[in-house]
Amino acid sequence: MGINISSDSGKNPSSFHPRGTRMRRLAGAAIAVTGMSVAAAFLVATAGAVSQGPTGDTCTASGSGTAYTLDITLPPNAAQQGGFAFGAPGITVTNIKSSSEGAFSNQNLSPSTTGEWLLSNPAVVGATVTASLTTSGPVTGSFTVVTATVPASGSFAPFLCAVSRSAVPSDAFTAAQHSSYDSANGTWHQLVTVSGPGTVSAVQQIAANQVMMPKRLINSSRVIAKSGGTFALTLSPTGDGKKALAASGSMQLKLSITFAPKDGKSANRVLSLTLKR
């Protein structure tokens, strides 16, 4: 008995061939890739991609410990940029937040980087993108910044973003040579001018080498300065101070004034005062 195959001649052979199934699968995969988000496409293309020339971006960085802020400014003629990866020797970038909408990633990164901010939309030419980085430790030199291209065909040449070190706060201050008496309150006001925010304090200096402990004639005083300027320390007499005033109308003492600037080292000055009513 013969085999008749003429009944299949009007059908598409590919529908019965494994190759036809494979073709459909590849087509479906291509559609899936096309539907990927811009951020995901940047993520896939970043690692191992061919590096382009420099972007011309400028960058400033500030911070300390494990918190740093980087401001990246794109020049007016910059190419489109889709994300920024960051790294520094000996540390890991553990998180990033930004003024520009996007998402943090630590996958498929360029060499010398450990964290990336993938932009939802390309960075605006001439604008500044601010990235707040959390790191695993202090950064003592510079961050390496690698910028992703648009479309996601590679990355631009890496550039350095040096961390600026703020100057040590000044401990400079001056103190008036005389204190003014406030008869309404029975106290004295000692004016002190400081160079910046910090704590201003005053205490009677007691010599440690005296045979008998001298009596404290005034109470200690302290003022919190939120900025530079002139502040008044209030000097109020103790019980012994009131006795001295009642006996002679005045009292002599050494006043130790200290200014401790915020995030800086303190400075001290001693004044010899005669407090009169």
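The values are calculated or read from the model by the stated rules, or taken from the named source; none is laboratory data. Quick caveat, the model's predicted, so the values are computed rather than measured. Reconstructed Cβ throughout: ideal geometry from the backbone, glycine too, with neighbour counts over all protein chains shown.
Can you spot a residue in the range 212-223 that is surrounded by 15 or more Cβ atoms within 10 Å (Cβ to Cβ) and at pLDDT below 95? Yes, there is a match, as at least one residue in the range 212-223 is surrounded by 15 or more Cβ atoms within 10 Å (Cβ to Cβ) and at pLDDT below 95.
One residue alone among Thr21, Thr34 is exposed (fewer than 11 other Cβ atoms within 10 Å of the Cβ), modelled with pLDDT under 90 and over 17 Å from Thr149 (Cα atoms), and that residue is Thr34.
Scanning the range 220-277 for residues being over 18 Å from Gly186 (Cβ atoms), of a type in the set (A, V, I, L, M, F, W, C) and within 36 Å of the chain's Cα centre (by Cα) gives a total of 8. Residues in the range 256-277 that are in contact with a strand residue (DSSP E or B) (Cβ under 8 Å, 6 or more places away or on another chain) and not hydrophobic (A, V, I, L, M, F, W, C): Ser256, Thr258, Pro261, Lys262, Gly264, Ser266, Asn268, Arg269, Ser272, Thr274, Lys276, Arg277.
When we screen Ser136, Ser180 for residues that are of a type outside the set (Asp, Glu) and farther than 30 Å from Lys254 by Cα, the only hit is Ser136.
Taken as a whole, the condition of being touching a strand residue (DSSP E or B) at 6+ places or on another chain (Cβ under 9 Å), free of Cβ contacts under 8 Å to residues at least 12 places away in the same chain and either under 30 Å from Ser170 (Cβ atoms) or assigned to a strand (DSSP E or B) (or both) applies to Ile206. Thr144 meets the conditions (1) of a type in the set (S, T, N, Q); (2) modelled with pLDDT under 90; (3) under 30 Å from Gly53 (Cα atoms) in every case but one. The failed one is (2). All conditions in (1) farther than 20 Å from Ile91 by Cα; (2) out of contact with any Asp or Glu (no Cβ under 7 Å at 6 or more places or on another chain) hold for Ser164, with the sole exception of (1).
Applying a threshold of 7 Å to beta carbon distances and a minimum spacing of six or more residues, or different chains, the list of pairs starting in the range 104-118 at a residue that is among the charged types (D, E, K, R) and ending at one that is part of a loop (DSSP other than H, G, I, E, B) and surrounded by 19 or more Cβ atoms within 10 Å (Cβ to Cβ) reads Glu116/Leu109.
You will find that of Gly102, Gly63, the residue that is at pLDDT below 90 and either within 20 Å of the chain's Cα centre (by Cα) or outside the structural domain of Ala127 (by TED's automatic domain parsing) (or both) is Gly63 and no other. Of the strands (runs of 3 or more DSSP E) entirely within the range 119-192, those holding at least 2 residues that are surrounded by fewer than 15 Cβ atoms within 10 Å (Cβ to Cβ) occupy 159-164, 180-182.
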